[in-house]
C-alpha cells in the first residue's frame, strides 16, 4: 500500500515540480537550452529539433550532412513518434524517479546501515526536487535518456538480469558512447564466468544490431558514426562548457591537438579498470554498486561534453554512500564549493560573453572549482570505502588514519 | 595534502573544534568588522593607485582640438534656434533637428516617433563600428538642454568636415535621459534598420544653460547593475577635460570641494562611489546608464556652474574624446572594468576592495553555520523533519516574495508596503506572550541557518556583478544576524531588541533610510517608487526579508 | 702533412676573402609594430629608406619591411602620405616607394628567412637578400622592444639570440662582408649584445632598462611622428653626400644624451676596422653609382665590381703617391692582397691587356658621365 502511495506521490511531485515552472515561464526552455552549463552541442534540444526538422523535410536526404545534428538516429525517430516531445520527456523523467525508488529498495537490503539512515523515498525525492535536475529537464537536454538507461542498467544488474542489463547498457552506450566503458564494472555483478561471457556477447550483439538499424534508418549511410561518436571522441566542436577539455584545446598549438585528445580520452578510460578491480575484489558485495557509481562520477568529471544534468543525476546516486559519510574529510567544503561554483558559473559566463567586462579565464576558473568539488567528492568517497574496508565493516571513527 | 593532514591532527589533539564552534557568532562579527575596515583604509596612501591610460592607442589630447573660434558663430546660430524650440512639442523639435542633420549630410531616422538619430558613415573606415554622441532634450533635472542640443548639432557639422574617422559617428537626440534613450539603444541592437555597426563608446552631453559660459565639468559614469565603463574611457575624459583647463567633478562633488586632495576627501569620494553605484537606476539617470548591458562604454559630460569657461571649450572634450576613441582598434581591450575612483586620477582596483564583500559573505556563512551547531542544535541530525520544515518555509517565502515583486510591478503601494514591513518587524514583540514549543526552536534555528546561508550565497553571486550593491546590502542587513532566539519566553526588552534589529535590517526600510540620509535627491518614500524600474536589483533582498518575516511568523 | 697544407691554404684564402673590400651595398629596413599609434615606426623606417635611396642604393638592393600601412589608414588626415616632421616638408610616402614586405608579411620567420636566404623555390628575387661575401649590409630595425627581444606585429617576438644566430649563418654562408646594424627601440642595446660573428658594427638607441623616446608629435595627425634616435640620425645624414668623408665614428659622436634622451650604445669589438676608418658611405651609399670626378678621386672612392677592382689594382701601384688618408692606403693594400692572390693564377702577359682595359674603362666612364650630364 505504501509502495503505491509513495510512487504516485513521487510521480505527482515530479510532474508538478517540472510542469509549474514550464507553465509559468514558457521561455525557460530556450533560455536554459542556451546556457553552456545545461546544454552542449551533443545534448542540446536545439540540435534535436533541427534533427527532427531535417528528418521530416523531404528535400533533405540525410540529417547528419549539415554537421549540426549529433543525436543518434534512433533517438530522433523515437522523439519523432511523439506529437508533443514534452510527454516523452515526462515519461522518461518519471521512469528515472521510479527506478531510483526501486534501486533504493534493493540497496537498502544490500548496503549495511543504510536502512537506518535513508528512508526509501528520499533518493527519488532528492532527484525530483533537485533544482539542477529540474532545470536540466526543463532545458530538454537529451542527457536524461542516457541517465534513464544507465539507471536501468544498474537496477537490472542488481537483479542479475543479464539480457535486460545488456540491452540497457548497449542502449546507454548507443546514446552517448562513453557508457560503453561501464561494461567493466557491470561485469562484476555476474559471478559465473559463463554469465560474464554471455553478458559481453549479448551487449556486443545488441550494439551491432543498433548500429545496423541506425545504418538502415539513416538511408544506408554510415555517416551517423561521425556525426554522433567521432565528434564526441575528437571533441570537434570546441565550445566553452563545464568540462576540463575546451580551454586546454583552445590554447594548444594545432600540432599537439591529436596527441592530447587521445591522452584525454585515455585519461577518461584508464581509471575505470583500477576502480573496478580495487573495489570489487573485497568481501563487501555492495562495493560493486559503489564502484559503478564512482566510475560514472569519474566519467562525468573527465568527459569532453559534461552537463549539469550529469551532476544532478550523479549526486542523487551519491546518497547511497551515506553510511560512509562520517569518513569523509571534506564533504562540507566540497558541497559548498559545488553550490558556489554552480551559482557563479552562469554569472561569470554572463560577465564574459554578455557584458564583456570579464574574460574567459573567469569562467574557466569557476568551472575548475566545479570540477575540483566533484573531484574531491570522488576522492572522499574512495577514502570512505577504503576506511570501511580497513575497519572491516565495523566503523571506528576514533581511529585516525592518514593517506601516504 | 600532508600539511592539511597535520593541521587537522593538531586541531583534533587540541580539541579546537568545539571551542571554534562556540565562537562562530563572534567570528562572524569580527570578519564583518575586518571587511569594513579593509574598505575604510583604501583612501590611505599606498592603498590606492594613480590612474593611467593603459591602452596605447588612445593618445588623448595628442591631436590639437579645433572646435574653437571658427565654430563660435555656428554654435551661437544653432543655439538661438534651439532656444526658440523650448515650447515646441517633441516631434516638431525632432523634425527641425532632422532637417539640420540632413543638411549637414547625415542619414537620419526616428525611433518610436520620439528619438531622432543621424549617422555619419566614416568615409574611409570599414563602417563596422560606431561612436555615439547622445543629447537628451531634457537633462536629468528636467531642464531643457539648450546648450547641449546646439553643441550636438554643431559638433556633428564639425565632425563631418574631418576625413579622419575610422568609425561611424551617430548623433542621437532623445526626449530624456532615461526610458526614451534606453529604448533607442535597445532598438538599435534589435529592430532599427538604419544602423552604423557596433557601438564602442557613447558620450552624453548635458549643457542645460543658455549661457556662453560655465564653470566646471561633472563626469557621470555609473552604469546600471553595477556596470562601469572601461576605466580608460573615464581616464581620457578626465585627462582631456583637465588638459583643456577645466575642473572635473565626479559623483556630483560640489565646486568648493574640487580642489581638495586629502585623505578625508578621498574617503568621502569612496563612499559616494559606492552609494551612487549601488543606487544607480534608482536615482535619476544621467543618460549614460541607458547604454549599460550592450558592451558600450558610456559616460555623461555635464557643464555646471557659472564661470569663465566658454561653451566651445566644453565642445572640445567630446571632440578630443572622439579623436582618441577613433584611434582605437576595435574595442577597449585593456584596463579595468572593476574599480572605485577616489579622485579623478586615483583609483582602487577590484583586488583591493573585493575581499571586503567576500568577508561580509563569509560573516553570514559563519552565522549560518553557528545556527546549525550552537545551542545544542548539532545533536539533531541534519536530515530531519525540522530541516525539511525549514526548507519548505524558505522555499515558500522565496516564491511568495517573487510573486510579491511581480505584483508590486503592476500595482505600486509604497506606503502600504512600508506599513507591512514595520508590522512584520514587530512580530517578535507582539508574539512574545505566546508559548513556544521546544520543537519550534529547532525549526527557528534551522530557518535562520538557511536564511543566512542563502544570504551569503546571494552576496557571493553579487560580488562580481555589483560589488557596491553587495557591500551596501551586506552592511545594511548585517544587524539581522544579531537577532537572538531564546529557549525560554523572551523578555520584553529582548523582544524589543529583536524588533529593532529587524526594523533596521528590513530591506525597504533600510534602503529608504540610507538614501534619505546620504542622498539629497531621494527623499521620503521616493526610493521605493524608483525601485520599480530597478526592481531586479532588489528582489533577492526582498526574498530574504520575507523569508525572515516568515520565520518570525513561524514563531 | 699534405692535408695540413691544404687546410692552411684554405684558411689563408678564407682570411683573404673576409678582409676583402665590399663591392655592393644592401639595406634591410624593418619596422615591426602595427597599429595607427605606432605611426612613428613607419615614419622612422621610411625616413631611412629615403636616406639610403638618396645616397644611391637602388630599390633592388633595399629590402623594405613595413609592418602597417599608415598612409592609407582611415585615421590619417593626409591620405597617402607619411610625414616624419610636423612641418610636413617631406612626404616620405610620395612616389616610388617599393615595399617588399608589408603588413602581416612582416614576421619573425620572414625576417630570419630573408637574412639567411632560406626560401622556397618560388620566392621572387625582389623579396630576397641576394648578397655575397662582398656585400656590405645596413640593417635598420625599429619597433617596440625589451630586454633581449623585439616585438613583431603585436603577436610575436624576435630574440637577440635569433638575430645573432642568423648573422652567424650569414657569415658561414658568406653572405656578407660587413654588417652595420642599427636599432631604435626601447632597451635596444640588448639586441646586439649576443652577436658573435665577425665584422658587425652595431648601434642601438638605448641601454638596458632605458626607453627610447619619440621626438615630437604632429598635432594635426595626432600622433608622434618620429623617434629621437632616428631623428638625430637623419639630421646627421642630411649632411652626407655621396662624396662625404665623414665616418661612422662621426655619426656615433653626434649622438648626445641631451638630444636622444637615452644612452646610445655602440659595439665595435666584432668589427675589424675602426669606426674612425669606416666611411658612412660604405654602408649608406652604393659604390657602383659613385663615379670619379677626377683621377685623384678615383683612388679615393672607387669600389666597384670585381673586374674593375682587380683592374684598378694595377693603377694603384702607380697612383699610390697621389692618395691621401690612411683609409685609402689600407683599402688599396687590401685590394692588392686579394688581387695578388687572384693574380697568381694570371699570366703576367696579361698586364698589357689589363692596362688597356683600365684606360678604356676610365675613358668610358668619362664619356658616360658626359652623356649623363647632358640629360
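The values are calculated or read from the model by the stated rules, or taken from the named source; none is laboratory data. Keep in mind that what you see is a predicted model, and the values were worked out from it rather than measured. Neighbour counts are summed over all protein chains in view; Cβ atoms, including those assigned to glycine, are modelled from backbone coordinates with ideal geometry.
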Out of the residues in the range C:109-120 meeting the condition of being touching a helix residue (DSSP H, G or I) at 6+ places or on another chain (Cβ under 7 Å) and assigned to a helix (DSSP H, G or I), tell me which one is surrounded by the most Cβ atoms within 10 Å (Cβ to Cβ). C:115
Subset of the range A:333-358 that is more than 20 Å from the chain's Cα centre (by Cα) and touching a residue at least 60 places away in the same chain (Cβ under 8 Å) - its residue that is nearest to the other protein chains (Cβ to nearest Cβ): A:346
Residue that is farthest from residue A:297 (Cα to Cα) [pool: residues in the range A:210-250 that are part of a loop (DSSP other than H, G, I, E, B) and free of Cβ contacts under 8 Å to residues at least 12 places away in the same chain]: A:220
Of (1) in contact with a helix residue (DSSP H, G or I) (Cβ under 7 Å, 6 or more places away or on another chain); (2) over 30 Å from residue B:212 (Cα atoms); (3) in contact (Cβ under 8 Å) with a residue 12 or more places away in the chain, residue B:40 satisfies all except one. Which? (1)
Checking A:309, A:328 in turn, the sole residue that is in contact with a helix residue (DSSP H, G or I) (Cβ under 7 Å, 6 or more places away or on another chain) and either surrounded by fewer than 22 Cβ atoms within 10 Å (Cβ to Cβ) or within 14 Å of chain B (Cβ to nearest Cβ) (or both) turns out to be A:328
When you check residue B:58 against the structure, is it buried (at least 18 other Cβ atoms within 10 Å of the Cβ) and within 14 Å of chain C (Cβ to nearest Cβ), yes or no? yes
Answer yes if at least one residue in the range B:144-152 is under 25 Å from residue C:76 (Cβ atoms) and either within 14 Å of chain C (Cβ to nearest Cβ) or buried (at least 23 other Cβ atoms within 10 Å of the Cβ) (or both), and no otherwise. no
Name the single residue that is farthest from residue B:161 (Cα to Cα) among those in the range B:317-331 being assigned to a helix (DSSP H, G or I) and facing another protein chain (nearest Cβ under 7 Å). B:326
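Residue-wise test of (1) surrounded by fewer than 17 Cβ atoms within 10 Å (Cβ to Cβ); (2) away from every other protein chain (no Cβ under 14 Å); (3) in contact (Cβ under 8 Å) with a residue 60 or more places away in the chain.
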position: C:165; (1), (2), (3): no, yes, no
position: C:169; (1), (2), (3): yes, yes, no
position: C:186; (1), (2), (3): no, no, no
position: C:200; (1), (2), (3): no, yes, yes
position: C:204; (1), (2), (3): no, yes, yes
position: C:221; (1), (2), (3): no, no, yes
position: C:227; (1), (2), (3): no, yes, yes
Name every residue in the range A:251-277 that is touching a helix residue (DSSP H, G or I) at 6+ places or on another chain (Cβ under 8 Å) and part of a helix (DSSP H, G or I), in order of residue number. A:257, A:260, A:261, A:264, A:265, A:267, A:268, A:269, A:272, A:273, A:275, A:276
Do we have residue C:17 as in a helix (DSSP H, G or I), on the phi < 0 side of the Ramachandran plot, modelled with pLDDT under 90 and under 20 Å from the mean Cα position of the chain (by Cα) here? yes
Looking only at the range B:174-195, decide whether some residue is over 22 Å from residue B:96 (Cα atoms), within 14 Å of chain C (Cβ to nearest Cβ) and either in contact with a strand residue (DSSP E or B) (Cβ under 6 Å, 6 or more places away or on another chain) or outside any strand (DSSP E or B) (or both). no
Picking from C:273, C:267, the residue that is under 25 Å from residue C:190 (Cα atoms), surrounded by fewer than 22 Cβ atoms within 10 Å (Cβ to Cβ) and in contact with a helix residue (DSSP H, G or I) (Cβ under 7 Å, 6 or more places away or on another chain) would be C:267
Would you be able to say whether some residue in the range A:132-141 is outside any loop (DSSP other than H, G, I, E, B), within 14 Å of chain B (Cβ to nearest Cβ) and touching a residue at least 12 places away in the same chain (Cβ under 8 Å)? yes
Scanning the range B:283-295 residue by residue, the ones that are surrounded by fewer than 24 Cβ atoms within 10 Å (Cβ to Cβ) and either out of contact with any helix residue (DSSP H, G or I) (no Cβ under 9 Å at 6 or more places or on another chain) or closer than 16 Å to residue B:472 by Cβ (or both) total 1
Determine whether residue B:252 is part of a loop (DSSP other than H, G, I, E, B), more than 14 Å from chain A (Cβ to nearest Cβ) and on the phi > 0 side of the Ramachandran plot. yes
So, first residue assigned to a helix (DSSP H, G or I) in the range A:13-32, second residue surrounded by fewer than 13 Cβ atoms within 10 Å (Cβ to Cβ), Cβ within less than 9 Å, six or more apart or across chains; the pairs are A:31/A:25
Take the range C:121-137 and flag every residue that is buried (at least 24 other Cβ atoms within 10 Å of the Cβ) and either outside any loop (DSSP other than H, G, I, E, B) or at pLDDT below 90 (or both). C:136, C:137
Give me the pairs: first residue in the range A:150-178 and on the phi > 0 side of the Ramachandran plot, second residue part of a helix (DSSP H, G or I), beta-carbon distance under 7 Å, and six or more apart or on different chains, which are they? A:177/A:229; A:177/A:232
Residue by residue through the range B:234-249, note down the ones that are touching a residue at least 60 places away in the same chain (Cβ under 8 Å) and outside any helix (DSSP H, G or I). B:244, B:245, B:246, B:248
Identify all residues within the range C:149-163 that are surrounded by fewer than 18 Cβ atoms within 10 Å (Cβ to Cβ), at negative phi and not in a strand (DSSP E or B); write none if there are none. C:155, C:161
